[in-house]
1. Which whole-number value in Å³ per residue fits the convex hull of the alpha carbons of region 1-134?
2. Could you work out how far apart the two model spin labels at residue 43 and residue 16 are, taking each label as a point 7 Å from the Cα in the direction of the beta carbon, and quote it in nm?
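A short reminder: the numbers here are calculations on the coordinates, not readings from a lab. The shown structure was predicted, so the numbers you read here are calculated from the model rather than taken from an experiment. Here the Cβ is made from the backbone with ideal geometry for all residues, glycine too, and neighbour counts use every protein chain on show.
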């Protein structure tokens, strides 16, 4: 199974199907056309403008859409993740949109791998996409990955000494192949090293002292 298929499968594990068909259609239009007005969204979907406005307001409340200007709206990263889970064929386009919003200089496979780690981390915490904020900054995702890692390191401190490096620790904590972690190591190292890895090293030091 390729990395995109694995990502879609993992996202489906954390998507709670709480949107109706009209809301999904409106969300997909915003994912395809970017920043547009409710009037244009109504024209593109063929849904009455009053209904489109009402549904869009609900999507905004759930942080799947956000107000861009007084007359336009755009989809959030959270909304794009929902669309990735809904539509495998359009998923590459959605992921490239996430890349632009997060201002990443990363390969497609690297972003897929990082999003897969995020989905796995959320699953370990029994969290659904609906519980997340908009995620329009990659920094918004750090804590969801950090919490299960620290929990794993504390609960399985006696096992950590048998793991060779931080990549194996992340893989074990999130129940993924080490290769997936290695695939997005640039994102982890270049973007969250000051936040995640330093915190993990501190935990490692505490665990090491505890085991002495």
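1. 99
2. Label at residue 43, label at residue 16, 3.7 nm between them.
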